[in-house]
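A short worksheet on the structure shown next.
The values are calculated or read from the model by the stated rules, or taken from the named source; none is laboratory data. Fair warning: this is a prediction, and the values are worked out from it, not measured in the lab. Methodologically, a virtual Cβ is constructed for each residue, glycine included, from the backbone with ideal geometry; neighbour enumeration extends over all protein chains shown. In case anyone asks, the SASA skips ligands and DNA or RNA and just uses the protein heavy atoms, side chains included. Shrake-Rupley method; radii C 1.70, N 1.55, O 1.52, S 1.80 Å.
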Amino acid sequence: MEIKYDGDNEYLPLRDLVFQALRQAIITGEFSPGERLMEIKIANKLGVSRTPVREAIRMLELEGLVVMIPRRGAEVARITEKDLRDALEVRTAIEELSVELACERIDEEGKERLKRACNEFKDAIGTKHVQNIVDGDVKFHDVIFEMTRNPRLISIAQNLREQVYRYRVEYVKDFSYHDVLVTEHYEITNAILTNDVDKAKEIMRKHLTNQELIVIKNLKDTL
């Protein structure tokens, strides 16, 4: 685990750089589910004070990657089947409404943005880099939310995005599913571009159900 400096992040607050380093370590399995995150140890390893580490851990808690345990402190979140189902029930309802509204309200500029996000996701899949793929998936769905032109829905979706981030990471880590992911994104895109509400909702529901099944399968395989 290390802080990586490049042209894109050299002006970010130290808290954000520590956050990126810790998140990557969790995603890649350097920290295991249930493992304690010791502030002093992490601070020493990254060469920073405890303050940005503490702030980064709070940010990770918002994403669901870290949980705070009374009298124990921060640890990497474990994934449970119940938590997954609860989160995806809500996400499915919001995503189906979003594609319905997007079909009705998307304009030509929005169509170009959606096609671009869909293609960029395919490019991200080609990198075989989990963080790139997760970011591409988030961007694709964010474009759909924006095309609803409903600020309240967008706000709710952004809040939920943090809560389901952990599950996104887990299904993206299953490389055998990547071709299906790309296909589903293209099917959703085509349905929205042709204003086919029923098809868009059907594919989105299948898209999220498949994710749930993949993550649950992987959870059981690790038991």
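Just to be sure I understand, if you calculate semi-axes √(5λ) of the Cα gyration tensor in Å for this structure, which of (1) 37, 18, 15; (2) 24, 23, 16; (3) 32, 19, 16 do you get?
It is the value labelled (3).
Using a simple charge model, +1 on the beta-carbon of Lys and Arg, -1 on the beta-carbon of Asp and Glu, nothing else, what dipole does the chain show about its Cα centre, in debye to the nearest 20? Intermediate values should be presented prior to the final figure.
Working: 35 positive and 41 negative charges, 182 e Å.
Its charge dipole is roughly 880 debye.
What pairs in K173/K206; K45/K115; K111/K217; K111/K220; K115/K220; K82/K199 have C-alpha atoms more than 30 Å from each other?
Values: K173/K206 19 Å; K45/K115 42 Å; K111/K217 35 Å; K111/K220 39 Å; K115/K220 36 Å; K82/K199 28 Å.
Long pairs (Cα-Cα over 30 Å): K45/K115; K111/K217; K111/K220; K115/K220.
Rg and Dmax of segment 60-151 over Cα atoms: what are they, in angstrom?
Expressed in Å, the Cα Rg and Dmax of segment 60-151 come to 16.7, 54.
At a 1.4 Å probe, what is the % contribution of carbon and sulfur to the accessible area of the chain?
Working: 5750 of 11670 Å².
In the chain, the share of accessible area belonging to carbon and sulfur is 49 percent.
So what is the accessible area of segment 131-186 per residue, in Å², with the probe set to 1.4 Å?
Result: 41 Å² per residue.
Let me know the shape class of segment 77-129, please: from the alpha-carbon gyration tensor, a ≥ b ≥ c as square roots of the eigenvalues, rounded when a/c is under 1.5, otherwise prolate if a/b is greater than b/c, or oblate.
Numbers: a/c = 5.10, a/b = 1.32, b/c = 3.88.
Oblate shape, in that a/c is at least 1.5 and b/c is the bigger or equal ratio.
Which distance in Å, rounded to a whole number, links the C-alpha centroids of segment 140-204 and segment 99-139?
8 Å
Could you provide, to the nearest whole Å², the per residue accessible area of segment 1-129 with probe 1.4 Å? Intermediate results must be reported in sequence, preceding the final value.
Numbers: 7290 Å² over 129 residues.
On a per-residue basis, 57 Å².
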